[in-house]
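Report on the structure given below.
Taken together, the values in this text are just the output of simple stated rules run on the coordinates, not laboratory data. Note that the coordinates shown come from a computational prediction; the quantities given were computed from them, not determined experimentally. With ideal geometry, Cβ positions are generated from the backbone for all residues, glycine too; neighbour counts draw on all protein chains shown.
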Amino acid sequence: MAPPIDVSRFEQLKASGDLPSPKGVALAIMRLTQQDDASMADLARVIRSDPAFVGRLIKAANGIIGYGRRPIASVQDALTILGLPAVRNMALGFSLLSHYRSGACEGFDYTRYWSFSLLAAVATQTVTLRTRVAAPDETYCLGLLGRVGELALATLYPHDYTKILGDARHEPQRLAELEAKVFAMTNAELGAAMLADWGLPRLFTDAAYCMAAGIECPQPEGSRDATLTQTLMLARQLGDLCLASEPERPALLRRVRLAGSRLSFDDETLATLSDGVVAEWVEWGSLLNVHAEKLPPFEHLAREAESSSPVPTEPAGEPPVTEVNEGAVEDAHHERFLRVLVVESDAAVRSNLKQTLLEGGYDVAEAGDGYMAAEMALDFHPDMMLLGWKLLDIQGGELLRTLRKTRIGRSIYVVVMGEDASEETAIAAFDAGADDLLAKPVNPRLLLAKIRAGRRLAALHYEIERDREEIRHFAAELAVSNRRLQEVALMDPLTACPNRRFFTDRLAQEWAVAVRSSRALSCLMLDVDNFKAINDTYGHDVGDSVLRQVAAAIRSALRGHDLVARTGGDEFVVLCPDTAIEAAMTCAERVRRAVEDAQISSGLLHLKVSISAGVASRDQSVVDADSLLKRADQGLYRAKQDGRNRVAAVQLKPHAAGVA
């Protein structure tokens, strides 16, 4: 749903190395979690090398286990509670916070940005604990990175973005219009592209785009997409409220109430939630060294809001969608002025050349030395360059060789201006990479003639680049289509679980890893008890609904690295890497309880459903992956025989007899 930005443009931004990205241990964590054979033990070893991240990870795990539970104190326990996706995203978020606390964009308030982002992270997690629309530990990272597009533009274009922020005057709609005009993309579009590139699911990237752009989710009210978007909107309103001055708070509080009402939060619930968010924000701020301050209780702010004059209740930061006329943009590319960069140490000569080019209808930038010229070449993206052969800080030939090593520099048509047009000067200039040569003093008519000749070559470069962009665009669309086809081929459409084909391939991979590394590997075979009776009594529609809800209950009870698949009918199978028989039995019992406790409903019908589970683990008597599945199936048969709604295992070794 988030509109894609130009593929080649995004790849160019990534290749520049200036786009905010994870570093150090965070980068190692992200790379490790992308490997199929990565284990919790490997991940724990990497995490322990960063004591600061260890503390943040353990705090995050303790924040979601609930009160009255034994506190998490080890990295291994934290990993088990959070799961690999959440740990990966937390590493990403905390890395960006550590390395991008400040920057060169003078108009961008880095302190306020990170203070807001941290509060949004805490608020999103807290709200998600109530709405259950996604994993709370993963939505924490979504809140933290929801406005990362703003940070990216401030990092990529510090000078231009300072001017844009000044012109926008804190008006979100005006800011988006200026971003689209100057950068051909908005911070919301760039942020969504970055989150998708980092591996966050579509649900998250779409919600982040809506929040950053200040627009409504197009999905129906009450859908998962809409609920997550409204959760981020409430987090944004809370962030604006907590960072506002006292006179601004009453008006902003009304907007918080409106955002909360869309999630069915009454004033009492919203007050409790908001006070908890502020307390948690202050605690996290102390841990991360981010500005966070205590605020008056929500009820106190509410009384102030009620005593103040009414204000419009339209949510802040939700401007109408700005429609971009793609045809007009395309025409602007065709009719744009040719960009010419004049590089000359002599200010008088530089001024005369600039005036001549402006009168000729060209877009002109100037630089007085080699350092500024290199910077301008990357920012201004000139089509042509008039380069003085002798500069104050560097020889023109040396600057030209440096530029030709960059992708942007290779496409610039360079005319060297020498004190003379001697043979030696010409040879040196052409050897350095010049396209043409002019002798000083420059004849204006000859200059414009050479510019016109070079313009044809620049136009050719532009056409080639357009063709390349189209090819990249088609390739990207094809890759997306192929990925979707692969997902369709490997996913069960009813339960959204992987299917038998996917599971078979994954089992072969995990078995090979387990054998090669002498690791444990367990398998759970699950079957819904008396499912045929449900189908026969209530019909297949109810049966399908039961299967979907049972699958959701199973997923909720598994760890991040476990894999559940539907193998057919009412049968599911779970693969548990790095898991011995005792831990697998515990996991199976947890899954059984989750299904038994689930509120299964279809329309006005409420059912109690249970499952039976068979457990098997790799040992000397299990010679291959098929044997592991057969052993788990034997355990399932025993569980059925013993009365259903139970867990059983069949182990042939004397010390591992069947357990029911």
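So here's what we get for this one:
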quantity: The chain, dipole about Cα centre (Lys/Arg Cβ +1, Asp/Glu Cβ -1), debye to the nearest 20; calculated: 2120
quantity: Residues THR272 and THR537, FRET efficiency given R0 of 45 Å [Cβ-Cβ distance, rounded to 0.05]; calculated: 0.60
quantity: Per-pair calculated FRET efficiency, R0 = 51 Å: ASP467 and ASP393 via Cβ, rounded to 0.05; calculated: 0.85
quantity: Dipole magnitude of the stretch 161-219 about its Cα centre (Cβ charges: Lys, Arg +1; Asp, Glu -1), debye to nearest 20; calculated: 140
quantity: Theoretical FRET efficiency, 1/(1+(r/R0)^6), r = Cβ-Cβ of GLU299 and ASP597, R0 45 Å, to 0.05; calculated: 0.80
quantity: Two-site label geometry, GLU423 and ARG590: point separation in nm, points 7 Å out along Cα→Cβ; calculated: 8.3
quantity: With at most 14 neighbouring Cβ atoms within 10 Å, loop trypsin sites (Lys or Arg not before Pro) (DSSP) excluded, longest segment of the chain; calculated: 406-607
quantity: log10 of Debye I(q)/I(0), alpha-carbon scatterers only, for the stretch 332-465 at 0.17 Å⁻¹; calculated: -0.84
quantity: Descending principal axes extents, the stretch 390-461, alpha-carbon based, whole Å; calculated: 31, 30, 21
quantity: Residues LEU263, LEU195, LEU27 arranged by fewest to most Cβ contacts within 10 Å; calculated: LEU27, LEU263, LEU195
quantity: The stretch 380-439 - charge dipole about Cα centre, Lys and Arg +1 at Cβ, Asp and Glu -1, debye rounded to 20; calculated: 440
quantity: Which of LEU547, ALA213, ILE464, positive extreme of dipole for the chain (C-beta unit charges); calculated: LEU547
quantity: Computed label-point distance, nm, for sites GLU216 and ASP624 using a 7 Å Cα→Cβ extension; calculated: 5.9
quantity: Segment VAL54-GLN355, extension gain: residue separation times 0.36 nm, minus the distance between their alpha carbons; calculated: 102.3 nm
quantity: Under 14 Å, Cβ to Cβ, from SER102 - net charge with Lys/Arg +1 and Asp/Glu -1; calculated: 0
quantity: Aspartates and glutamates whose Cα lies under 19 Å from that of LYS640, excluding same-chain neighbours fewer than 8 positions away; calculated: ASP527, ASP529, ASP570, GLU571, GLU589, GLU596
quantity: Inverse mean reciprocal Cα-Cα distance (Kirkwood Rh) of the stretch 102-324, Å; calculated: 17.6
quantity: Options ALA134, THR495, HIS99, ranked by Cα towards positive dipole end of the chain, top entry (Cβ charges); calculated: THR495
quantity: Calculated from backbone phi, Karplus (6.51, -1.76, 1.60) coupling profile of the stretch 153-160 in Hz, x at Gly/Pro; calculated: 5, 5, 7, 6, 10, x, 6, 5
quantity: For the chain, with +1 on Lys and Arg beta carbons and -1 on Asp and Glu, the positive-most of SER610, THR402, TRP198 along the dipole; calculated: SER610
quantity: Distant-in-sequence amide H partners of TYR413 (H built 1.01 Å from N, under 5 Å); calculated: MET384, MET385
quantity: Separation of the LYS405 and ALA453 label points, Cα + 7 Å toward Cβ, nm; calculated: 3.0
quantity: Debye-sum result for the stretch 219-309 in log10 I(q)/I(0), which assumes one identical scatterer on each alpha carbon, at q = 0.13, 0.16, 0.19 Å⁻¹; calculated: -0.45, -0.67, -0.90
quantity: Net charge over other residues, Cβ less than 12 angstrom from the Cβ of LEU92 (K, R count +1; D, E count -1); calculated: +1
quantity: From phi via Karplus (6.51, -1.76, 1.60), per-residue ³J(HN,Hα) for the stretch 435-448 in Hz, x at Gly/Pro; calculated: 9, 7, 9, 10, 8, 8, x, 6, 6, x, 5, 5, 4, 5
quantity: Sequence-distant residues sharing a close amide H with VAL342 (under 5 Å, placed H); calculated: ALA365, GLU366, ALA367, LEU386
quantity: Angle between the chain longest axis and helix 172-183 axis [Cα atoms, degrees, rounded to 10]; calculated: 60
quantity: Normalised contact order of the chain, rounded percent, pairs of Cα under 8 Å and 6 or more residues apart; calculated: 8
quantity: Whichever lysines have a C-alpha closer than 20 Å to that of LYS440, once near sequence neighbours (fewer than 8 apart) are set aside; calculated: LYS354, LYS390, LYS450
quantity: Cα extents of the stretch 98-163 along the three principal axes, largest first (Å); calculated: 42, 19, 16
quantity: Label assignment, percent of Cα pairs over 50 Å apart derived from the structure, set (1) 17; (2) 44; (3) 28; calculated: (3)
quantity: The chain: calculated mean residue ellipticity at 222 nm from DSSP helix runs of at least 4, using -39500 (n - 2.57); calculated: -19500 deg cm²/dmol
quantity: Computed lengthening from SER345 to GLN12, 0.36 nm per intervening residue step minus Cα-Cα distance; calculated: 116.8 nm
quantity: Ranking of SER517, SER627, SER602 by count of other Cβ atoms within 10 Å, fewest first; calculated: SER517, SER627, SER602
